[in-house]
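Take a look at the structure below.
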Amino acid sequence: MQVEAHLQKIIEKDGKVHLTLIDPASQTPDRAAEIALAAVEGGTDAIMIGGSTGASGTLLDETVIKIKENIHVPTILFPGSSAGLSKYADAVFFMSLLNSRDLGYVITNQVLGAPLVYRSQIEPISMAYLIVEPGGTVGWVGDAKLIPRKKPEIAAVYALAGKYLGMHYTYLEAGSGADSPVNPEMIGAVKQVLGENKLIVGGGIRNAETAKICTSAGADMIVTGTVVEEVKDVTAKVAEIVSAIKR
Ligand SMILES: CC(C)=CCC/C(C)=C/CC/C(C)=C/CC/C(C)=C/COP(=O)(O)OP(=O)(O)O
Ligand SMILES: O=P(O)(O)OC[C@@H](O)CO
Ligand SMILES: [Mg+2]
């Protein structure tokens, strides 16, 4: 499956893409597979698999395998380090945390992980990863020089640099569980410089209303993680968000 081309087709057809993030460290592989199935029944387009801490090794492999047994939408790794790779996934967001102070997150983990991607069938999708205030756990782990919420122009110049470096996707991240997502002014400023390049927004999106604000401002794809881990009826929650963003 060519995942990037597949997501492009969904954008052409539905306007927007919904991604569900599952953290292998948050539940058993069997439960992860149940959540993934429920999310697909709610209309999610792909399952992202990763976490800042503890998403590696056998637990990661088993989680990917179980999820793939249950569903047919793409599985995309969202690695916190080179240890967040699994040969069983369809694709990986091959990302550089452009606003990190730590070279490890800018390039070293990518160098260490590249041979595994080369040897496997995993499709790399190049991505500029940008962390905005408050940034949460991932901002701390990634030693990010957090982009101030009220400075959309800083996010835009990072995004432009990422685009000129050849990255296809840009991810604006407020941090998992953020009180509110990246604001629409910043999303709009970034999408304006990106043009046809794809913009993902995640962190703090919990309902149809905030999801719609993000996509109306210019996000091509939105990610929900925490809310899917917390609600009882995953299918209903995902369906609520999906119906708000798709045409
Ligand atoms: C491409 C390769 C091989 C590695 C990339 C390495 C980079 C750039 C990592 C960026 C920094 C980082 C720690 C990212 C983690 C991304 C992630 C999976 C975050 C979200 O996980 P959640 O489960 O939502 O949140 P918690 O971390 O709070 O659990
Ligand atoms: O957990 P939430 O707040 O949905 O955030 C998802 C993702 O952007 C985290 O990397
Ligand atoms: Mg987590």
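Quick note: the coordinates plus some simple rules give every number you see, no bench work behind them. This is a predicted model, so every value here is computed, not measured. For neighbour counting, all protein chains shown are included, and Cβ atoms are generated from backbone atoms with ideal geometry for every residue, glycine included.
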Subtract the Cα-Cα distance of Thr58 and Glu209 from 0.36 nm times their separation in residues, and report this length gain in nm to one decimal.
-> 50.6 nm
Once you put a point 7 Å from the Cα of Ala114 and another 7 Å from the Cα of Trp140, both along the Cβ direction, what distance in nm separates them?
-> 3.2
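Using 0.36 nm per residue of separation minus the Cα-Cα distance, give me the extension gain between Gln2 and Glu153 in nm, one decimal.
The span from Gln2 to Glu153 would gain 51.0 nm if fully extended.
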Long-range amide H partners of Val17, meaning residues 5 or more apart or on another chain whose placed amide H is closer than 5 Å, are Met221, Ile222
So, with points 7 Å from each Cα along the Cβ direction, the Ile65-Asp30 label distance in nm works out to 1.5
Using only alpha carbon pairs under 8 Å that are at least six residues apart, calculate the relative contact order of the chain and give it in whole percent.
-> 20
With contacts defined as alpha carbon pairs under 8 Å and 6 or more residues apart, what's the relative contact order of the stretch 1-74 in percent?
-> 39
Kindly write out, for the stretch 126-140 in residue order, the coupling ³J(HN,Hα) from the Karplus curve 6.51 cos²θ - 1.76 cosθ + 1.60 (θ = phi - 60°), rounded to whole Hz, with x marking Gly and Pro.
-> 6, 8, 8, 9, 10, 10, 9, 3, x, x, x, 4, 5, x, 6
How large is the Kirkwood hydrodynamic radius of the chain, in angstrom, based on all distinct alpha carbon pairs?
-> 17.5
For Lys191, list the lysines whose Cα falls under 27 Å from its own Cα; do not include residues on the same chain fewer than 8 positions away.
-> Lys9, Lys13, Lys16, Lys145, Lys150, Lys151, Lys163, Lys212, Lys237, Lys246
Rounded to the nearest 500, what is the chain's calculated 222 nm mean residue ellipticity when only DSSP H runs of at least 4 contribute -39500 (n - 2.57) each, over all residues?
-> -13000 deg cm²/dmol
